[in-house]
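**Student:** My questions all concern the structure below.
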Amino acid sequence: MDNTFLTQITNGTIEEVETGRNGSFVLVSYRDCPNCSRDDQTIRLNVSDNTMIMDENRNRIPLRDLGRGMTVNAAFSNATTRSIPPQAAAYVIQVVGGMRNEDVTVGRIVDVDRRGRSFTTISDGNLSTVIRFNVADNAQILNGMGRPMNFENLVPGLRVRVRHANFMTMSIPPQTTAFEVRVIR
């Protein structure tokens, strides 16, 4: 296939799938993109009737079969918007892996352990929602604009959305592994 007019990503993760009056899109975060300038990126793939969506066996599937956490390969137009995240017309989206075993928690950081590379959150001021997140070495840490930031910039008081493993230790507070930390406004 002539790659002059398209960009390909492999092993991206679906962050969101939306269908509405203004069209349908799949928000994908990814790292492996040979023609892209940055390592950690997110793109909004605009889905049309011409977009080919396939399962792991290359059978066509409807958009509604895509879900958050699925691993996908995609081919999309080189013509992207300058918005955050950028948008492009999707040509092909192929599922290559099912849902990751993960959950999402939204809370406010109350403590940061720099040496242990972990932080603790609480949701809605409820003590039963306190969780300690151990940040994986390859975890993405993103600011409010979706741009990469350093672990050192996480401070108490920040509201964050944490994508994490769906298991927790039986300790108090419970602990789990964070895959992505995103500061939210």
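The values are calculated or read from the model by the stated rules, or taken from the named source; none is laboratory data. Note that the structure is predicted; figures quoted are calculated from it, not measured. Backbone-built Cβ (ideal geometry, glycine too); neighbour counts: all protein chains shown. What goes into the accessible areas is simple: the full protein's heavy atoms, side chains included, and nothing from ligands, DNA or RNA. Shrake-Rupley method; radii C 1.70, N 1.55, O 1.52, S 1.80 Å.
**Student:** Tell me, yes or no, whether segment 67-75 has at least one residue that is modelled with pLDDT of 90 or more and of a type in the set (Val, Ile, Thr).
**Tutor:** yes
**Student:** Quick one: residue 15 ticks every box in (1) modelled with pLDDT under 85; (2) within 18 Å of residue 145 (Cα to Cα); (3) surrounded by 14 or more Cβ atoms within 10 Å (Cβ to Cβ) bar one, so which box is it?
**Tutor:** All conditions are met except number (1).
**Student:** Can you tell me how many residues in segment 69-114 are small (Gly, Ala, Ser), open to solvent by less than 30 Å² (accessible area, probe 1.4 Å) and farther than 20 Å from residue 44 by Cβ?
**Tutor:** Selection size over segment 69-114: 2.
**Student:** Just to be sure I understand the filter: pairs with C-beta atoms under 6 Å, separated by 6 or more residues or on different chains, first member in segment 30-58 and part of a loop (DSSP other than H, G, I, E, B), second member open to solvent by 40 Å² or more (accessible area, probe 1.4 Å) and at pLDDT 90 or above. Which pairs pass?
**Tutor:** If the second residue must be open to solvent by 40 Å² or more (accessible area, probe 1.4 Å) and at pLDDT 90 or above, the pairs left are 40/148.
**Student:** Working carefully through the options 117, 182, find the one that is surrounded by 12 or more Cβ atoms within 10 Å (Cβ to Cβ), over 30 Å from residue 73 (Cα atoms) and modelled with pLDDT under 95.
**Tutor:** From the options 117, 182, the qualifying one is 117.
**Student:** Quickly run through segment 120-154 and pick out the residues that are open to solvent by 60 Å² or more (accessible area, probe 1.4 Å) and either within 20 Å of residue 41 (Cβ to Cβ) or touching a residue at least 40 places away in the same chain (Cβ under 8 Å) (or both).
**Tutor:** If the condition is that a residue be open to solvent by 60 Å² or more (accessible area, probe 1.4 Å) and either within 20 Å of residue 41 (Cβ to Cβ) or touching a residue at least 40 places away in the same chain (Cβ under 8 Å) (or both), then 137, 138, 145, 147, 148, 150, 153 are the ones that fit.
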